[in-house]
1. Considering Asn58, Asn70, which residue is polar (S, T, N, Q) and in contact with a Gly (Cβ under 8 Å, 6 or more places away or on another chain)?
2. Please find, among Lys31, Lys44, the residue that is within 19 Å of Gly80 (Cα to Cα), part of a loop (DSSP other than H, G, I, E, B) and over 14 Å from the mean Cα position of the chain (by Cα).
3. Give me the residue from segment 74-96 that is aliphatic (A, V, I, L, M) and more than 15 Å from Lys16 (Cα to Cα) and, out of that set, nearest to the chain's Cα centre (by Cα).
4. Taking Phe69 as the residue in question, decide whether it is at pLDDT below 95 and surrounded by fewer than 12 Cβ atoms within 10 Å (Cβ to Cβ).
5. When you look at Ile14, is it touching a strand residue (DSSP E or B) at 6+ places or on another chain (Cβ under 8 Å), β-branched (Val, Ile, Thr) and modelled with pLDDT of 95 or more, yes or no?
6. Could you please let me know if Lys62 is open to solvent by 20 Å² or more (accessible area, probe 1.4 Å), at pLDDT below 95 and among the basic types (Lys, Arg)?
7. Is it the case that some residue within segment 25-34 is touching a Gly at 6+ places or on another chain (Cβ under 6 Å) and among the acidic types (Asp, Glu)?
8. For segment 48-59: of the residues being among the acidic types (Asp, Glu) and in a strand (DSSP E or B), which is least open to solvent (accessible area, probe 1.4 Å)?
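The values are calculated or read from the model by the stated rules, or taken from the named source; none is laboratory data. Since the model is a prediction, treat every value here as computed from it, not as a measurement. Here the Cβ positions follow ideal geometry from the backbone for every residue, glycine too, while neighbour counts run over all protein chains shown. We work out accessible area using only protein heavy atoms, side chains counted, and drop any ligands, DNA or RNA first. Shrake-Rupley method; radii C 1.70, N 1.55, O 1.52, S 1.80 Å.
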Amino acid sequence: MITIRAKLKLYENIRKTPFISGYRPTFDFGKGLTSGRVLLPNNKEFFLPGEEGEVEINFLFKEFLGNKFNVGENIIFTEGTIPVGEIEIVKILSLE
């Protein structure tokens, strides 16, 4: 499993409800789409629309992460075809 720390921004004009730890949107790394599991810090119950903060994200398959999988990259995430937020990769914690 691949794990990163990322700064996440949830768009408030598009998504109307918060999400909890375990949220699984689709990420576009340029080589195709892949889902990732967003884990909130232990002291955070939910993430509100319009909010920004650091989270951990798990991905199952490295081959779908493409050439945009680098610290500092900004990646859009979607629900279906609708962009609902973005992340900036802060740190790559695990590549296994």
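1. Numbers: Asn70 fails: in contact with a Gly (Cβ under 8 Å, 6 or more places away or on another chain).
Sole residue among the options that is polar (S, T, N, Q) and in contact with a Gly (Cβ under 8 Å, 6 or more places away or on another chain): Asn58.
2. Going through Lys31, Lys44 in turn, just one is within 19 Å of Gly80 (Cα to Cα), part of a loop (DSSP other than H, G, I, E, B) and over 14 Å from the mean Cα position of the chain (by Cα): Lys31.
3. Per the criteria, the residue is Ile87.
4. Values: at pLDDT below 95: yes; surrounded by fewer than 12 Cβ atoms within 10 Å (Cβ to Cβ): no.
Against the criterion (at pLDDT below 95 and surrounded by fewer than 12 Cβ atoms within 10 Å (Cβ to Cβ)), Phe69 does not qualify.
5. Details: touching a strand residue (DSSP E or B) at 6+ places or on another chain (Cβ under 8 Å): yes; β-branched (Val, Ile, Thr): yes; modelled with pLDDT of 95 or more: no.
Against the criterion (touching a strand residue (DSSP E or B) at 6+ places or on another chain (Cβ under 8 Å), β-branched (Val, Ile, Thr) and modelled with pLDDT of 95 or more), Ile14 does not qualify.
6. Values: open to solvent by 20 Å² or more (accessible area, probe 1.4 Å): yes; at pLDDT below 95: yes; among the basic types (Lys, Arg): yes.
Against the criterion (open to solvent by 20 Å² or more (accessible area, probe 1.4 Å), at pLDDT below 95 and among the basic types (Lys, Arg)), Lys62 qualifies.
7. Applying the first criterion (touching a Gly at 6+ places or on another chain (Cβ under 6 Å)) to segment 25-34 yields 27, 29-31.
Filter again for among the acidic types (Asp, Glu), leaving none.
No; the residues of segment 25-34 include none that is touching a Gly at 6+ places or on another chain (Cβ under 6 Å) and among the acidic types (Asp, Glu).
8. Going through segment 48-59, the residues among the acidic types (Asp, Glu) turn out to be 51-52, 54, 56.
Next cut, in a strand (DSSP E or B) only: 52, 54, 56.
Details: Glu52: 102, Glu54: 94, Glu56: 62 Å².
Only one residue tops the list, namely Glu56.
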